[in-house]
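A short write-up of the structure that comes next.
The values are calculated or read from the model by the stated rules, or taken from the named source; none is laboratory data. The structure displayed is predicted, hence computed values, not measured ones. All Cβ positions, even for glycine, are placed from backbone atoms using ideal geometry, and neighbour counts span all protein chains on display.
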Amino acid sequence: MVKIVVAELNPPKAKAAKPAVRTARVRAPDGHLTTVRSIQADSESFGQDFQHVFARNVERVRRENRKVAGARS
């Protein structure tokens, strides 16, 4: 006798937790709005938070470089 098993082959994957990064929009001394990202040094997810902030900074710098030079850095 054959046993028939019905199961989903591709179960939904758990999403990664959103990094615990605080974001604030502040005015720079020259009057322009600036986004400041801060992380907690004693956080359990410090490495992930640091990577998140670093990646956002790299994205911003590359975007600015493309505007100025028209090429990627």
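Tabulated data for the structure shown
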| quantity | calculated |
| --- | --- |
| Selection count, the stretch 28-49, where residues are touching a strand residue (DSSP E or B) at 6+ places or on another chain (Cβ under 8 Å), surrounded by 10 or more Cβ atoms within 10 Å (Cβ to Cβ) and either assigned to a loop (DSSP other than H, G, I, E, B) or aliphatic (A, V, I, L, M) (or both) | 2 |
| Among the candidates V53, V68, residue that is outside any loop (DSSP other than H, G, I, E, B), surrounded by 10 or more Cβ atoms within 10 Å (Cβ to Cβ), hydrophobic (A, V, I, L, M, F, W, C) and at pLDDT 85 or above | V53 |
| Positions within the stretch 42-73 being among the aliphatic types (A, V, I, L, M) and under 13 Å from R22 (Cβ atoms), in sequence order | V53 |
